[in-house]
1. Six or more apart or on different chains, Cβ atoms under 6 Å: show the pairs whose first residue is in region 87-116 and without any contact (Cβ under 8 Å) to a residue 24 or more places away in the chain and assigned to a loop (DSSP other than H, G, I, E, B) and whose second is of a type outside the set (Phe, Trp, Tyr) and surrounded by 10 or more Cβ atoms within 10 Å (Cβ to Cβ).
2. Could you check region 120-184 for helices (runs of 4 or more DSSP H) lying wholly inside it with 3 or more residues that are surrounded by 13 or more Cβ atoms within 10 Å (Cβ to Cβ), in contact (Cβ under 8 Å) with a residue 24 or more places away in the chain and over 12 Å from the mean Cα position of the chain (by Cα)?
3. Counting just the residues of region 35-48 that are part of a helix (DSSP H, G or I) and touching a residue at least 60 places away in the same chain (Cβ under 8 Å), which one comes out farthest from the chain's Cα centre (by Cα)?
4. Write out, first by first residue and then by second, each pair whose Cβ atoms fall under 8 Å of each other, whose residues are 6+ apart or on separate chains, and whose first residue, in region 61-73, is more than 22 Å from Lys114 (Cα to Cα) and in the same structural domain as Leu31 (by TED's automatic domain parsing) while the second is exposed (fewer than 15 other Cβ atoms within 10 Å of the Cβ) and among the hydrophobic types (A, V, I, L, M, F, W, C).
Amino acid sequence: MSPDYLEKRKVKKLATNRKLGRTTDIRMAMLKNLTTDLIMHGKVETTLARAKEVKAIADSIISLAIKEKDNFETVEVKVIKAKLDAKGNKETELVKSKNGKEYLKVVKEETTEKRQKDMPSRLNARRKIMRKLNKVKDSEGKNIDLPAKLFNEIAPKYAGKNVGGYTRIIKAGPRRGDGAEVAILQLI
């Protein structure tokens, strides 16, 4: 083949993902929100193009969680906590300082707990998952650990399944306002 022939055959490289009519930062934030909602609630309703993008992200996250779900060890950890009374309030005691003033000090107790310690590859997987999801709080303001939900609840459900196909897109017809094709994306 001549060099002339190769120059004529240059092929234009296509985009690897949909732009969705948004700038990069807005698009990534939108996809992160949709993926988080999908993992939290099990299904999300959005446009067909967005659903296809989120499906790819969610399937990759779930396959990563399946691969690393059992990669941890259980260790005993010393934990120092405030001692609680019957009502759930912290117990305090009256203590005298060096200069003679009295103040209340919280009573602490030391216990040992068994906790899961991630192995290095699972820790890396957890960090990759956290990059694709938002931090979420429940109605009481407590943080929800979505990577733990993926490892402990969702991954065992799909453990025997082949690679991919953890989500499904169901077309719901055109949207009333602008006629956009609506789809429901759900975990199978």
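1. If the second residue must be of a type outside the set (Phe, Trp, Tyr) and surrounded by 10 or more Cβ atoms within 10 Å (Cβ to Cβ), the pairs left are Glu91/Lys83; Glu91/Asp85; Glu91/Val107.
2. 155-158
3. This residue is Leu48.
4. Ser63/Val163; Ile66/Ala159
Listed here are the residues, each with its yes/no results for (1) touching a strand residue (DSSP E or B) at 6+ places or on another chain (Cβ under 9 Å); (2) of a type in the set (Gly, Ala, Ser).
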position	(1), (2)
Gly100	no, yes
Val106	yes, no
Glu113	yes, no
Pro120	no, no
Ile184	yes, no
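The values are calculated or read from the model by the stated rules, or taken from the named source; none is laboratory data. As the structure is a prediction and not an experimental result, all values here were calculated from the model. Cβ sites come from the backbone with ideal geometry, for glycine too, and all protein chains shown count toward neighbours.
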